[in-house]
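In what follows, a structure is listed as structure tokens, so that the remarks can point back to it.
The values are calculated or read from the model by the stated rules, or taken from the named source; none is laboratory data. Keep in mind that this is a model prediction, so the values were computed, not measured. No Cβ is skipped: glycine too gets one built from the backbone with ideal geometry, and neighbour counts run over all protein chains shown. In case anyone asks, the SASA skips ligands and DNA or RNA and just uses the protein heavy atoms, side chains included. Shrake-Rupley method; radii C 1.70, N 1.55, O 1.52, S 1.80 Å.
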Amino acid sequence: MTDSQANQMWGGRFAEGPDAIMEAINASIGFDQRLARQDIEGSRAHAAMLAAQGIITDKDAEAIREGLLTVLSEIEGGSFQFSTALEDIHMNVEARLKEVIGEPAGRLHTGRSRNDQVATDFRLWVRDQADAAIGGLEALIRALLTQAEEGADWVMPGFTHLQTAQPVTWGHHMMAYVEMFSRDLGRFTDARKRMNESPLGAAALAGTSFPLDRQMTAEALGFDRPCANSLDAVSDRDFALEFLGAASICAMHLSRFAEELVIWSSAQFRFVALSDRFSTGSSIMPQKKNPDAAELIRAKIGRIFGANVALMTVMKGLPLAYSKDMQEDKEQVFDAADNLMLALAAMTGMVSDMKANVPALEAAAGAGFSTATDLADWLVRVLGMPFRDAHHVTGSLVAKAEGQGCDLPDLTLADMQAVEPRITEEVFGVLGVHNSVASRMSYGGTAPERVREQVAAWKARLDD
């Protein structure tokens, strides 16, 4: 591509071609070629609208639309030659279109600017990624529901401060992540609704004098409506920021779960066994089975959150309307979207494959005085003791058990009556971990019955 050819794309304002350094900093084709399909989709819709409005002939519009399909097939087939001198995907496509169909290609840009063109392309791409994230989250939620249903009765320790707190069920723990990831699902769905407005036809910043039908192009591209303000249409990147915000929270949830899987799969816990598909070995220690997939998921939050901060920083000081700073809006979003989808797929695979060590879970559930709260509740419910007094009595019994090197259920009735004479043999019925979880029947509680109700409700919601 010669400088003179590049100048023709810019117009007659510039007499000399760009310096090599300027070309390097100005060009975006190295990364925005990922927008090729969206760019051609938008151009085909624009050409059809121009013909419908009588702005170009049907013959030219048909040549443009067919020529664009040829260009797209070249790009997807890997034979397209991208040129840095042509700066971006828009000018690369238009230059090749001219080579394919000749003079009609020059009419495609009527009533359009690269400003509304890139805003449209990028919205289409981010919308596709929101759809992909929604699909990925639904798959992960279904995998969690399968685990929850299978393990609705399995007891395990519930933690606060990573210290044993109260027994819960495996199913209840899995359903906690269903709730977390469902909020992510809602955020992506909400963001998609807000981003689904078309910038196409806003032109450079002020609209155009051509009688465009912006509703026609919006509908052709699957948008709900055109953007209502041309200045906002070309300068807004909220859609990308919302996507990154939702992706950051989702990645944080994935990281929390990944951290638990790292802990649970350790030799010290042995709560779960991760499949060989999502583990690696050591180059020097033959006994090692490392949860590398979980660890890498845990690290993804850094890249995704960094992309969010980076784009916020790019946008924070920009006056209306378009500034070249906004060329820096894509690479971070591309990287974040790629890594989010990889993390979602890896987590779904791990959840689908992982095997709970039910005996180890149950043994851990009964350790660490996990039924102390059940004892305190029994003292309140049966003896009518104020909870603060019950808390004090229970604490004394925990100290006694700790001194004897045993757990609460291992104390004798005489041991307990030495602290509170009114305690009866009935108390031992609440000290077993299975009795404990079964008693937690409040809405949202850990009782197996409640877990199964939530699993069924979520399955019905996803099927709808």
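For the chain, give the magnitude of the charge dipole about the Cα centre (Cβ charges: +1 Lys/Arg, -1 Asp/Glu; no others), in debye to the nearest 20.
On the way: 43 positive and 64 negative charges, 79 e Å.
Using only the charged Cβ atoms, the result is roughly 380 debye.
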- Query: Tell me which aspartates and glutamates have Cα within less than 14 Å of Lys59's Cα, excluding those fewer than 8 residues away on the same chain?
  - Reply: Glu103
- For the chain, longest principal axis from Cα atoms; helix 58-77 axis from its Cα atoms; angle between them, nearest 10 degrees, is 50
- Message: Between helix 448-463 and the chain, what is the angle of the helix's C-alpha long axis to the longest principal axis, kept within 0 to 90° and rounded to the nearest 10?
- Response: 10
- Message: Please give the charge dipole size of the range 365-463, origin at the Cα centre, charges +1 on K and R Cβ atoms and -1 on D and E Cβ atoms. Round to the nearest 20 debye.
- Response: 440
- Message: If you average the C-alpha positions of the range 14-89 and of the range 305-330 separately, how far apart do those two centres end up, in angstrom?
- Response: 24
- Task: Mind jotting down the distance between the C-alpha centroids of the range 361-403 and the range 100-161, whole Å?
- Result: 48
- Which of the peptides 397-404, 124-131, 239-246 is most tightly packed, and how do the rest follow, judged by the mean count of other Cβ atoms within 10 Å per residue? 239-246, 124-131, 397-404
- Item | Using θ = phi - 60° and Karplus 6.51 cos²θ - 1.76 cosθ + 1.60, couplings along the range 158-172 (whole Hz; Gly, Pro as x) | x, 10, 10, 6, 6, 10, 4, 10, 9, x, 9, 9, 3, x, 5
- Query: So how strong a dipole does the range 114-363 carry about its Cα centre when Lys and Arg Cβ are +1 and Asp and Glu Cβ are -1, to the nearest 20 debye?
  - Reply: 380
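For the chain, what does the helix formula give at 222 nm: sum of -39500 (n - 2.57) over DSSP H segments with n ≥ 4, over the residue count, nearest 500 deg cm²/dmol?
On the way: 19 runs with 288 residues, N = 464.
Taken over the chain, the calculation gives -20500 deg cm²/dmol.
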- Sorted by chain and number, the residues with a modelled amide H under 5 Å from that of Ala447, at a separation of 5 or more or across chains, are Arg440
- Task: State the answer as a single residue: which of Met341, Gly395, Ala240 lies farthest towards the positive end of the charge dipole of the chain, with beta carbon charges of +1 for Lys and Arg and -1 for Asp and Glu, about the Cα centre.
- Result: Gly395
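Could you tally the net charge around Gln417, taking each other residue with its Cβ under 13 Å from the Cβ of Gln417, Lys/Arg +1 and Asp/Glu -1? Walk me through the numbers before you get to the answer.
On the way: positive: Lys400, Arg422; negative: Asp415, Glu420, Glu425, Glu426.
That sum, taken over residues with Cβ under 13 Å, equals -2.
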- Message: I'd like the carbon and sulfur percentage of the solvent accessible area for the range 54-143, probe radius 1.4 Å, heavy atoms only, ligands and nucleic acids excluded.
- Response: 46
- Item | For the chain, Kirkwood radius (reciprocal of mean inverse C-alpha pair distance, Å) | 26.4
- Message: With the cut-off at 31 Å, tell me which of the pairs Lys98/Lys193; Lys193/Lys316; Lys300/Lys355; Lys193/Lys459 have Cα atoms farther apart than that.
- Response: Lys98/Lys193
- Mean Cβ count within 10 Å, highest first, over the residues of peptides 254-262, 58-66: 254-262, 58-66
- Item | Degrees, to the nearest 10: 387-404 long Cα axis against longest axis of the chain | 70
- Item | Cβ-based charge dipole, the chain, positive-most Cα from Asn229, Met385, Leu185 | Met385
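Please report the antiparallel percentage of DSSP beta bridges with both residues in the range 146-289, rounded to the nearest 5. Provide the component values of the computation, followed by the final result.
Numbers: 6 of 8 bridges.
Around 75 percent of the beta bridges assigned by DSSP in the range 146-289 are antiparallel ones.
Once the convex hull of the alpha carbons of the range 175-334 is built, what does its volume come to per residue, in cubic angstrom? The partial results should precede the final answer.
Working: hull volume 24.7 nm³, N = 160.
Output value, Cα hull per residue: 155 Å³.
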- Task: Can you find, among Thr371, Asn115, Pro319, the residue farthest towards the positive end of the dipole of the chain? Put +1 on the C-beta of Lys and Arg, -1 on that of Asp and Glu.
- Result: Thr371
- Query: Over the C-alpha atoms of the range 20-107, what are the Rg and the largest Cα-to-Cα span, Dmax, in Å?
  - Reply: 13.5, 43
- Query: At a 1.4 Å probe radius, carbon and sulfur cover how many percent of the accessible area of the range 365-463?
  - Reply: 54
- Mind grabbing the accessible area of Asp389 for me, 1.4 Å probe, Å², rounded to tens? 80
- When ligands, DNA and RNA are left out and all protein chains stay put, how many square angstrom of accessible area per residue does the chain have with a 1.4 Å probe? 46
- For Ile55, the net charge from surrounding residues (Cβ-Cβ under 14 Å; K, R +1; D, E -1) works out to +1
